[in-house]
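Chemist: Can you keep this structure in mind? I'll have questions shortly.
The values are calculated or read from the model by the stated rules, or taken from the named source; none is laboratory data. Everything numeric here is computed off the predicted structure, so don't read it as measured data. Using ideal geometry, Cβ is built from the backbone for each residue, glycine included, and neighbour counts are taken over all protein chains shown. Accessible surface is based on the protein model in full, side chains and every heavy atom, while ligands, DNA and RNA are left aside. Shrake-Rupley method; radii C 1.70, N 1.55, O 1.52, S 1.80 Å.
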Amino acid sequence: MARRAASSLVSRCLLASRAATAGAAPAVPSALRMPDGMRGLLPGVLQRFSTAAAAEEPISPPVQVNYTKLLINGNFVDSASGKTFPTLDPRTGEVIAHVAEGDAEDVNRGVAAARKAFDEGPWPKMTAYERSRILLRFADLIEKHNDEIAALETWDNGKPYEQAAQIEVPMVARLMRYYAGWSDKIHGLVVPADGPHHVQVLHEPIGVAGQIIPWNFPLLMFAWKVGPALACGNTLVLKTAEQTPLSALYVSKLLHEAGLPEGVVNVVSGFGPTAGAALASHMDVDKIAFTGSTDTGKIVLELAARSNLKSVTLELGGKSPFVIMDDADVDHAVELAHFALFFNQGQCCCAGSRTFVHERIYDEFVEKAKARALKRVVGDPFRKGVEQGPQIDDEQFNKILRYIRSGVDSGATLVTGGDRLGDKGFYIQPTIFSDVQDGMKIAQEEIFGPVQSILKFKDLNEVIKRANASPYGLAAGVFTKSLDTANTLTRALRVGTVWVNCFDVFDAGIPFGGYKQSGIGREKGIDSLKNYLQVKAVVTPIKNAAWL
């Protein structure tokens with residue numbers, strides 16, 4: 001499969017309106033377009049996937065599972081208890097492999113290894129240039145093994161293989177090169193003091209970092225966490241999501257192949273109440289970074305405070321508004337709003353899950369959004385041209401269906417979808433609700449699935465007030481031809497990221513994080529380095545100075 005460098009996670013701004021004809025192929029981001037030879041078969045493909053996605057014989061993944069143990073002190077080892085847990089194929093619900101189940105004792109072992117590697121080992125004492133070279137070699141190995149890594153990610157997570165192979169895995173390599181570049185550019189300061197003193201401000205690694213990553217983007221969240229931590233000279237213990245442990249174990253092996261010393265990166269697969277809680281509350285962990293739900297983030301913050309008051313960064317939930325003004329090109333807006341919500345099976349913390357549409361174009365937008373959803377290609381994520389695979393597991397699958405029932409019960413209009421696809425695996429029909437009111441659960445709570453809620457508004461001041469009336473503040477989308485309107489909204493919306501006439505642009509240098517209950521701190525870019533550095537002032541008297 002051809003690979004392309006990705007300057008964003010998936011989206012490049014969709015600059016051209018798509019043809020609004022029944023036979024036109026959907027205008028998806030270029031990295032996810034169907035091969036030319038399949039476009040003429042689109043109606044047949046849709047029929048095949050949309051009505052019996054899970055009834056087809058699943059494609060055998062082109063990869064083997066070789067790493068299922070914990071990674072501690074540079075070695076793959078069994079859990080202290082000897083326990084394992086199954087990781088499942090979301091296409092079928094069948095077991096892919098049994099993975100070592102880490103708990104508090106395994107976290108202790110990982111932290112001990114990380115502490116020794118930090119206090120006694122070569123990593124923080126290594127020159128920044130040498131650390132940079134290891135991260136660069138790691139990026140090269142990621143690219144070399146692109147297809148195997150992508151296959152593991154798709155098999156364990158259910159995301160389309162084309163998405164993983166052409167965009168997400170290359171983005172991991174890009175992020176690692178970005179942070180490799182930062183390794184030898186973390187500079188201190190010399191501060192001019194009001195007197196005869198030499199004042200240095202040093203930026204030092206914080207120590208042992210505990211990191212907990214989610215299941216929706218396992219590889220990318222690995223990179224977002226591990227890249228800046230290593231660039232700054234820290235060691236770490238990372239807990240994978242129990243749903244998706246396989247890709248992190250695989251790429252951690254590549255890190256050691258690139259020359260990473262033993263004990264610098266330790267990976268514990270396990271569950272939140274055991275391994276996650278042990279990591280967040282560990283007295284010898286200096287910093288915790290968590291990505292996941294807001295409710296769990298509050299628990300992590302409490303455990304950190306009750307233990308050793310370790311530094312905490314949190315990237316949490318969202319209910320992002322996507323505001324479409326009345327000057328919009330409706331066809332283009334429909335496509336962008338569709339992508340903003342349905343990408344990655346709707347399993348995105350920043351998904352544009354509250355689609356606010358101006359009343360003048362509302363009815364037209366709803367009809368065209370319905371037509372676009374009916375064209376969405378749902379099926380086995382290993383098949384070419386598939387846009388939507390299964391949800392991650394039965395828990396998330398059933399949660400989404402409960403939200404859909406709640407939308408119907410609360411009086412929203414079910415425009416399309418609303419049910420499962422097939423009778424095997426965790427496939428859900430692309431679902432759209434119109435006539436959604438702000439007080440409904442589907443407009444207030446994070447569904448994390450392929451459910452689009454379309455709300456009507458009259459004017460700019462109204463939509464600003466309604467968009468901000470949420471405990472979340474992760475991201476927002478703005479669709480307008482007016483620069484004045486865009487400027488007003490980008491400053492008024494209380495969120496960490498505003499995408500104007502585009503969505504989900506995730507360049508390595510762009511900081512990402514939220515206001516309010518969407519988190520604390522930022523990932524990516526220069527801001528993420530601050531999460532893994534301590535600031536130290538050093539003051540020394542100067543005698544007979546030539547200058548101050």
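Chemist: Do we have Y161 as open to solvent by 40 Å² or more (accessible area, probe 1.4 Å), of a type outside the set (D, E, K, R) and assigned by the TED database to the domain that holds R109 here? Talk me through it step by step, then tell me what you get.
Modeler: Values: open to solvent by 40 Å² or more (accessible area, probe 1.4 Å): no; of a type outside the set (D, E, K, R): yes; assigned by the TED database to the domain that holds R109: yes.
No.
Chemist: Of the conditions (1) more than 20 Å from the chain's Cα centre (by Cα); (2) surrounded by fewer than 23 Cβ atoms within 10 Å (Cβ to Cβ); (3) not hydrophobic (A, V, I, L, M, F, W, C), S453 satisfies every one except a single condition; which number is it?
Modeler: For S453, the failing item is (2).
Chemist: Further, regarding this structure: Would you confirm whether or not region 487-501 contains a residue that is in contact (Cβ under 8 Å) with a residue 12 or more places away in the chain, touching an Asp or Glu at 6+ places or on another chain (Cβ under 9 Å) and either open to solvent by 40 Å² or more (accessible area, probe 1.4 Å) or farther than 22 Å from F343 by Cβ (or both)?
Modeler: Scanning region 487-501 turns up no residue that is in contact (Cβ under 8 Å) with a residue 12 or more places away in the chain, touching an Asp or Glu at 6+ places or on another chain (Cβ under 9 Å) and either open to solvent by 40 Å² or more (accessible area, probe 1.4 Å) or farther than 22 Å from F343 by Cβ (or both).
Chemist: Kindly indicate whether any position in region 340-349 is at pLDDT 95 or above, open to solvent by less than 50 Å² (accessible area, probe 1.4 Å) and touching a helix residue (DSSP H, G or I) at 6+ places or on another chain (Cβ under 6 Å).
Modeler: Taking region 340-349 first, the residues at pLDDT 95 or above are 340-349.
In the following step, the residues that additionally are open to solvent by less than 50 Å² (accessible area, probe 1.4 Å) were identified as 340-349.
When the remaining residues are screened for being touching a helix residue (DSSP H, G or I) at 6+ places or on another chain (Cβ under 6 Å), the result is none.
Within region 340-349, none of the residues are at pLDDT 95 or above, open to solvent by less than 50 Å² (accessible area, probe 1.4 Å) and touching a helix residue (DSSP H, G or I) at 6+ places or on another chain (Cβ under 6 Å).
Chemist: Could you list all residues from region 325-367 that are closer than 20 Å to W224 by Cβ and assigned to a loop (DSSP other than H, G, I, E, B)?
Modeler: Across region 325-367, the qualifying residues are Q347, C348, C349, C350, A351.
Chemist: Another question, if that's okay. Any idea how many residues of region 68-100 are open to solvent by 60 Å² or more (accessible area, probe 1.4 Å), assigned to a strand (DSSP E or B) and closer than 30 Å to P122 by Cβ?
Modeler: Qualifying residue count for the region: 1.
Chemist: When you check D286 against the structure, is it touching a Lys or Arg at 6+ places or on another chain (Cβ under 7 Å), assigned by the TED database to the domain that holds N75 and not hydrophobic (A, V, I, L, M, F, W, C), yes or no?
Modeler: Details: touching a Lys or Arg at 6+ places or on another chain (Cβ under 7 Å): yes; assigned by the TED database to the domain that holds N75: yes; not hydrophobic (A, V, I, L, M, F, W, C): yes.
Considered against the rule, which asks whether it is touching a Lys or Arg at 6+ places or on another chain (Cβ under 7 Å), assigned by the TED database to the domain that holds N75 and not hydrophobic (A, V, I, L, M, F, W, C), D286 comes out as yes.
Chemist: Follow-up question, since we're still on this one. Residue under question is D459, and the condition is that it be open to solvent by 30 Å² or more (accessible area, probe 1.4 Å), of a type in the set (D, E) and closer than 30 Å to S482 by Cα; does it hold? Walk me through it before giving the result.
Modeler: Numbers: open to solvent by 30 Å² or more (accessible area, probe 1.4 Å): yes; of a type in the set (D, E): yes; closer than 30 Å to S482 by Cα: yes.
So D459 passes the test.
Chemist: If I ask for residues that are in contact with a helix residue (DSSP H, G or I) (Cβ under 7 Å, 6 or more places away or on another chain) and open to solvent by 70 Å² or more (accessible area, probe 1.4 Å), which ones from region 171-193 would you list?
Modeler: Scanning region 171-193 gives a single hit, R177.
Chemist: Every residue in region 464-474 that is of a type in the set (A, V, I, L, M, F, W, C) and either crowded, with 24+ Cβ neighbours inside 10 Å or without any contact (Cβ under 8 Å) to a residue 24 or more places away in the chain (or both), please.
Modeler: Initial filter on region 464-474 (of a type in the set (A, V, I, L, M, F, W, C)): 464, 467, 469, 474.
Of everything in region 464-474, those that are of a type in the set (A, V, I, L, M, F, W, C) and either crowded, with 24+ Cβ neighbours inside 10 Å or without any contact (Cβ under 8 Å) to a residue 24 or more places away in the chain (or both) turn out to be A467, L474.
Chemist: Could you check region 50-67 and list, in sequence order, the residues that are of a type in the set (V, I, T) and either open to solvent by 50 Å² or more (accessible area, probe 1.4 Å) or modelled with pLDDT under 95 (or both)?
Modeler: Initial filter on region 50-67 (of a type in the set (V, I, T)): 51, 59, 63, 65.
Within region 50-67, T51, I59 qualify.
Chemist: Now, a different point. With crowded, with 23+ Cβ neighbours inside 10 Å, over 18 Å from I206 (Cα atoms), in contact (Cβ under 8 Å) with a residue 24 or more places away in the chain and out of contact with any strand residue (DSSP E or B) (no Cβ under 6 Å at 6 or more places or on another chain) as the only criterion, which of A258, A278 stands out?
Modeler: Numbers: A258 fails: crowded, with 23+ Cβ neighbours inside 10 Å.
Testing whether each residue is crowded, with 23+ Cβ neighbours inside 10 Å, over 18 Å from I206 (Cα atoms), in contact (Cβ under 8 Å) with a residue 24 or more places away in the chain and out of contact with any strand residue (DSSP E or B) (no Cβ under 6 Å at 6 or more places or on another chain) leaves just A278.
Chemist: Moving on to the next point. Quick check on region 101-150: of everything there that is open to solvent by 60 Å² or more (accessible area, probe 1.4 Å) and of a type in the set (S, T, N, Q), which residue is farthest from L236 (Cα to Cα)?
Modeler: It comes out as T127.
Chemist: Restricting to region 373-407, count the residues that are more than 22 Å from the chain's Cα centre (by Cα), open to solvent by 10 Å² or more (accessible area, probe 1.4 Å) and hydrophobic (A, V, I, L, M, F, W, C).
Modeler: 2
Chemist: Residue check: is G477 at pLDDT 95 or above, buried (at least 23 other Cβ atoms within 10 Å of the Cβ), within 30 Å of Q391 (Cβ to Cβ) and small (G, A, S)? Lay out the reasoning, then the answer.
Modeler: On the way: at pLDDT 95 or above: yes; buried (at least 23 other Cβ atoms within 10 Å of the Cβ): yes; within 30 Å of Q391 (Cβ to Cβ): yes; small (G, A, S): yes.
Yes.
Chemist: For region 428-446, how many residues meet the condition of being closer than 18 Å to V415 by Cβ and out of contact with any Pro (no Cβ under 7 Å at 6 or more places or on another chain)? First the steps, then the outcome.
Modeler: Quick first cut of region 428-446, residues closer than 18 Å to V415 by Cβ only: 428-437, 440-443.
If we keep only those that are out of contact with any Pro (no Cβ under 7 Å at 6 or more places or on another chain) as well, we get 429, 432-437, 440-443.
So the count comes out to 11.
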